[in-house]
Structures are given as structure tokens and as C-alpha cells.
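This report refers to the structure that appears directly beneath it.
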Amino acid sequence: MAKLTGFNKFDDNSQADSDLSRARLAILSTRLLLDFNVTKEMACTTTVQMVASNMRIAYSVPEHREYLWSGYPSEPILAEAASRAMLRFGRPAATILASCVENGLIERGNRGELVMRLLLIEAFDAAAKKRKFGKGTTVTKPVSLFSFLKALLGAKKLEEIKKQVPENTTLSGKTFEDAFKDAHVHFTHFVRNEDMSVSNSYGAWAALARGMAMQCAPNQDVIDCIIPVLLNSKDKLCENAVTGLLIQCKNKRSDSAVTIKEEKMNGGRGFFPRDSKDDRPYIGLLMQLGSRSEVKSDSCVEPRINLQRATKKNAQHPRYFINIKGCSPDQYPIITAEASNSYAALLGGRTLYSEHARQTSMKSVQRLKPMWTTRREDTYSWLKDPRFEEVIKQDLQIGPD
């Protein structure tokens, strides 16, 4: 831990402010794949200092020498040190990240995926804390899938999920509880896939052996993240003992039906080997972080699909689908009240309209036309056309994103 943080005894209340900020970044980068904004001089300086003092690896120096290509490759021992250091944070990790994003140190990029990774890591840590080993806790041991989901989504949602049956086949009537009763997960850090070649059960097998979760490549179809799952903790670790928690992350509201089909992944090659004869189940998790769940019962539902069409051809691998709308303590109990605003800031949830002090006078602000849309009143009230007015009427019912 000392080599990672630069402190013999890492103390988050240390007075060495710049060194402490860099130590926090080193800890979070090791686990969460933070992307530094190399167009900022401050970011370039920080990464060079982290290479010198915080175990960051310099991969390459471009010919122009204006910045380094650097990062934290998968190193299980270093990731464990980072996880132990995170336990000593004096404020939420989301607050630290939100500050780094706002000052331009960390790339804004796909903020939904950054929040997704943070939620998943914090849920695993919370589940690991409750499982005691000797004198303390450790993240070097797997935790049960149910414990992980309970930490991520809460006990009530977990009980709802346990009752689900596969929605892509009628050949298996197993509930989620029966299908995954002995399943375990183990990931201390995220790695980034270069392409789609390892977004499959072989890649998941290798990742599980190293305690990794996989952030998919930008060109990956269907999903954004893979959490490897060992179906039975008593089995020998091998490809046919592994399945996946396949995650799609959205930072914008989606009104269209979405589902996650392993057989559609990787250009139709699928997640499981096509010559496989087994019927391993898998989980599809849709994290609609940018949605506002107005009805609590809608935060954990099955996809809106035509059941007759879905079961016309029974899938080989049963799929259990979870759909979570929103990003607040109601949907993810792992989010503390202290960190709630920071999560909103990371997702870009603070807008002109959401932060307006007098919500009762919102129409007056909208009439100033700071932004243009047919989903708010008065923007186009001056333009008279019957057909366009009908379009506006329909869009107003949908409401703003």
C-alpha cells in the first residue's frame, strides 16, 4: 500500500494535500480505469508524478513528448492494496471523482460507465466486508452472487429477482434462486477490452482467475460490461463452469424496449461457444442510470417484449433479465445520502432546470428559450402550424429527457 499511495501509513486526513489527492487518484485509477484529460497541463503533470511515485506504469512516450501513455494494468496484489486503502477514505469515492471531473483532471467521456463501475466495485466491497476472514475482511475471496446483488440493489429487490424465471425459453422453469444458488463473483478491479475478441466465456474465465471485471471496448455490441460469475463454488475453475453478468449501461432515458441476448453478441458469435452443448444460464442487467423512476415497482421489471415471439424458438442458455431505472439510494442502496449529489454530478444530472431555485417559476425560465425542444411548453408556441402543433402535443406527453 505504501508504494501505491506514497505514504508509509496512508491516512486520508493527512495534511499533505497535493500528495494526498494524488494518492486518492492512484487508488481509484487502479480499480476503476480512470481516463486522464491529457489536453490539460495539470493532468499531464499529475500522471508523470504518479509514474514516479504511485506505481503507475508508463506504457509509451509519443514522438511529440507532450504527454505519456500510462495507466494501471491488471495486477491483483496492487488492486487488493487499493481496495484496502479505499476503506480508509474520509469521504465518498463519488465525491472525489466528481471533483476531478469538474476541474478537468479526469476525462468526462461516458460518465454513465464510470458511475456503473463505481457502483459495482462498491457493492462488491460492501458484500466482502460482511464476510469475515480471520481478524478482518478481505477482497481476495469470492462472495456469493446473492450477497453482491443484495449490496447493489437491496434486500427487497433481490427477493423479487430470486422469483424470476427465464424469459427467453419455456424449457427451463428454474427460478433465479435455484439457478444461481451456489454462484459466486470476485472482482477487485476493472480492465478494458481492446476489442470484442475476449467478450465471451473464455475471457470471463481468465478474468475470474485474476479477480477482474471487464469494461467492454467502444465498438462492443449489445453490452458495456461483463462481471464473470462462477456458477458453483465447488467446481474446478474452467470455461464451462463460468457464466456472465452481462451489463448494458445507459445515461439517457430509453423509451424503446431493450433486452440483452448473449447470442447476438460479438457479431453473432455469442458469449458462449457455439459448439457448447450445455445450458448455462446468464444474467442481463440493464442499468438505466439517466432515467428517473417515478414508480418504484418499475425499477426492477422484465423487458417489454412479445412473449409469444420470445418463446417461439427456445434459447439454449436461459436468460434472467433485470432492469433498473434511475441512480439514487432508492435503486442502489450502496449510494449513501452523503454521496447522492456527487453521483448526480458524475452523471451530468445538474442542469439549468434541475438547479433553478424557484421550481414554481420554471415556465418563466423556459420562455427565455435557453435551449430548444418540443418537449417543453412555450418554446415553439409562436410558430403556428396544425401538423407541427400535433407533434408538439405528442412530445409534451413524453416529456423532456
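Which count do you get for residues in the stretch 364-378 that are within 35 Å of the chain's Cα centre (by Cα), touching a residue at least 12 places away in the same chain (Cβ under 8 Å) and surrounded by 12 or more Cβ atoms within 10 Å (Cβ to Cβ)?
The number of residues fulfilling the criteria is 8.
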- Message: Could you list, ordered by first residue, the pairs with Cβ atoms under 7 Å in which the first is in the stretch 75-94 and in the same structural domain as Ile57 (by TED's automatic domain parsing) and the second is hydrophobic (A, V, I, L, M, F, W, C) and exposed (fewer than 15 other Cβ atoms within 10 Å of the Cβ), at least 6 apart or interchain?
- Response: none
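Filter the stretch 92-129 down to residues that are among the acidic types (Asp, Glu) and in contact with an Asp or Glu (Cβ under 7 Å, 6 or more places away or on another chain) and give me whichever is farthest from Leu34 (Cα to Cα). Before the answer, list the steps.
Quick first cut of the stretch 92-129, residues among the acidic types (Asp, Glu) only: 102, 107, 113, 122, 125.
Subset that is in contact with an Asp or Glu (Cβ under 7 Å, 6 or more places away or on another chain): 107, 113.
Details: Glu107: 8, Glu113: 11 Å.
My answer is Glu113.
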- Tell me, please, whether a residue that is on the phi > 0 side of the Ramachandran plot, over 15 Å from the mean Cα position of the chain (by Cα) and surrounded by 18 or more Cβ atoms within 10 Å (Cβ to Cβ) can be found in the stretch 234-244. no
- Is at least one residue of the stretch 331-348 more than 30 Å from Tyr282 (Cα to Cα) and at pLDDT below 85? yes
- State all residues of the stretch 165-177 that are over 13 Å from His317 (Cβ atoms) and more than 26 Å from the chain's Cα centre (by Cα); if no residue qualifies, say none. Thr170, Gly173
- Every listed condition ((1) in the same structural domain as Gln394 (by TED's automatic domain parsing); (2) at positive phi; (3) not β-branched (Val, Ile, Thr)) holds for Ser364 save (2)
- Message: crowded, with 21+ Cβ neighbours inside 10 Å, without any contact (Cβ under 8 Å) to a residue 24 or more places away in the chain and over 14 Å from Phe148 (Cα atoms): which single residue out of Gly211, Gly173, Gly203 fits that description?
- Response: Gly203
- Task: Working only within the stretch 57-69, note down all residues that are modelled with pLDDT under 95 and surrounded by 14 or more Cβ atoms within 10 Å (Cβ to Cβ).
- Result: Tyr67, Leu68
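Sort through Leu4, Leu28, Leu20, Leu97 and tell me the only one that's without any contact (Cβ under 8 Å) to a residue 24 or more places away in the chain, crowded, with 18+ Cβ neighbours inside 10 Å, among the hydrophobic types (A, V, I, L, M, F, W, C) and under 28 Å from Thr140 (Cβ atoms). Spell out the reasoning first.
Numbers: Leu4 fails: without any contact (Cβ under 8 Å) to a residue 24 or more places away in the chain; Leu28 fails: without any contact (Cβ under 8 Å) to a residue 24 or more places away in the chain; Leu97 fails: without any contact (Cβ under 8 Å) to a residue 24 or more places away in the chain.
Checking each option against the conditions leaves just Leu20.
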- Query: So which of Met50, Met55 is part of a loop (DSSP other than H, G, I, E, B) and closer than 18 Å to Leu20 by Cβ?
  - Reply: Met55
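Yes or no, residue by residue, for (1) among the polar types (S, T, N, Q); (2) under 30 Å from Leu118 (Cα atoms); (3) surrounded by 11 or more Cβ atoms within 10 Å (Cβ to Cβ):
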position	(1), (2), (3)
Gly348	no, yes, yes
Met362	no, no, yes
Leu383	no, no, no
Glu390	no, no, no
- Task: Just need a number here: residues in the stretch 139-167 that are in contact with an Asp or Glu (Cβ under 7 Å, 6 or more places away or on another chain) and assigned to a helix (DSSP H, G or I).
- Result: 1
- Message: Please go through the stretch 97-112 and give me each residue that is at pLDDT 85 or above, under 22 Å from Cys216 (Cα atoms) and among the small types (Gly, Ala, Ser), ordered by number.
- Response: Gly112
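The values are calculated or read from the model by the stated rules, or taken from the named source; none is laboratory data. This is a predicted model, so every value here is computed, not measured. With ideal geometry, Cβ positions are generated from the backbone for all residues, glycine too; neighbour counts draw on all protein chains shown.
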